[in-house]
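K.L.:
This is the structure I have questions about; it appears just below.
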Amino acid sequence: MSDAKAAAKDEGPTILLERDEDGVATLTLNRPARKNGIHRGMVDAAITALDEVASDHRNRVLVVTGAGNAFCSGMDLVEPMAPDELTFMRRVGILCRNLHELPIPTIAKVRGPAIGFGANFALCCDLVLAADESTFGELFAARGLGLDGGGSWSLPRLVGPQKAKEIAFFAQSLTGSQAAAIGLINKSVPGDSLDGLVAEWASTLAAGPRRALSMIKSQINTALETSFSAALEKEAVAQAQAARASEVKEGVQAFFEKRKPDFRAAD
């Protein structure tokens, strides 16, 4: 067995999942010695963790981050793509789809490198917050590879087709501040401010209306593949459902009582 394979065997849990009392769940890619590079076992563990998050109604927002000084260095193919390349990549696709469609808001907290799959995995989240000095590297072309991790879908939607082609064709790397400036991510801040910003956004979302945020996420996720008429119908159904829910009653009552709504009590 190679040294790399031996290290992988002994590295312990590669995915950590925690939840605080406010309903903020945190999924941590946990291979700091390999800058959180992804392998098959890690993909499977992450899928299981996302299933756990989705099935527990106490979870109100998910933060995705990496252990140590990196978010994710991409695919770490120490072992072959088992059982074959296509099956492995379809499994990766399930992971990305499950994160993208998770019925609660998701935030990627990016510190250090987010390279290849790592960059696009961050973009599977609803919101991306990064340190100014972090790196988003779309390096696929430099390795003779096509895009993965949903990048072929997310890049043109975030920055437009022409800019997406420029980034992908030339295998560009962008700092967090550069990525924020072109709209690839939501915001970048100095590294020592990142934890506080993510905690603030996660806390605000966790205190929000869980059902309504799930509806809004679904509406926006499908907006670019939906006709205007279909979007209006989806809105009508969503609003009809929301109008009968306790969240709306709490929101309206809080408005008239001139107080902040307690949406957790409305669950």
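K.L.:
Please state which one of Leu139, Leu145 is open to solvent by 10 Å² or more (accessible area, probe 1.4 Å), more than 24 Å from Ile220 (Cβ to Cβ), at pLDDT below 95 and not in a helix (DSSP H, G or I).
P.N.:
Exactly one residue qualifies, and that residue is Leu145.
K.L.:
What number of residues within the stretch 244-258 satisfy the criterion of being under 13 Å from Ala207 (Cβ atoms) and exposed (fewer than 13 other Cβ atoms within 10 Å of the Cβ)? Lay out the reasoning, then the answer.
P.N.:
Within the stretch 244-258, the subset under 13 Å from Ala207 (Cβ atoms) is 247, 250-251, 254.
Now drop any that are not exposed (fewer than 13 other Cβ atoms within 10 Å of the Cβ), which leaves none.
Selection size over the stretch 244-258: 0.
K.L.:
Which of the helices (runs of 4 or more DSSP H) found entirely inside the stretch 208-262 contain at least 1 residues meeting this: under 28 Å from the mean Cα position of the chain (by Cα) and of a type in the set (Asp, Glu)?
P.N.:
In the stretch 208-262, 228-243, 246-256 are the helices (runs of 4 or more DSSP H) which contain 1 or more residues that are under 28 Å from the mean Cα position of the chain (by Cα) and of a type in the set (Asp, Glu).
K.L.:
Provide a single number: the residues in the stretch 28-44 that are without any contact (Cβ under 8 Å) to a residue 40 or more places away in the chain, part of a helix (DSSP H, G or I) and surrounded by 19 or more Cβ atoms within 10 Å (Cβ to Cβ).
P.N.:
The number of residues fulfilling the criteria is 1.
K.L.:
Now a separate question. Please go through the stretch 108-125 and pick out each residue that is within 23 Å of Ala212 (Cα to Cα) and either out of contact with any helix residue (DSSP H, G or I) (no Cβ under 6 Å at 6 or more places or on another chain) or surrounded by fewer than 22 Cβ atoms within 10 Å (Cβ to Cβ) (or both).
P.N.:
Within the stretch 108-125, just Cys125 meets the criteria.
K.L.:
Then there is this: Determine whether the stretch 123-144 contains at least one residue that is touching a residue at least 12 places away in the same chain (Cβ under 8 Å) and basic (Lys, Arg).
P.N.:
yes
K.L.:
Sticking with this structure for a sec: Suppose we filter the stretch 45-75 for residues that are in a loop (DSSP other than H, G, I, E, B) and either crowded, with 20+ Cβ neighbours inside 10 Å or in contact with a strand residue (DSSP E or B) (Cβ under 6 Å, 6 or more places away or on another chain) (or both); how many remain?
P.N.:
Selection size over the stretch 45-75: 7.
The values are calculated or read from the model by the stated rules, or taken from the named source; none is laboratory data. In this text the structure is predicted, and so the values were computed from the model without any measurement. No Cβ is skipped: glycine too gets one built from the backbone with ideal geometry, and neighbour counts run over all protein chains shown. We work out accessible area using only protein heavy atoms, side chains counted, and drop any ligands, DNA or RNA first. Shrake-Rupley method; radii C 1.70, N 1.55, O 1.52, S 1.80 Å.
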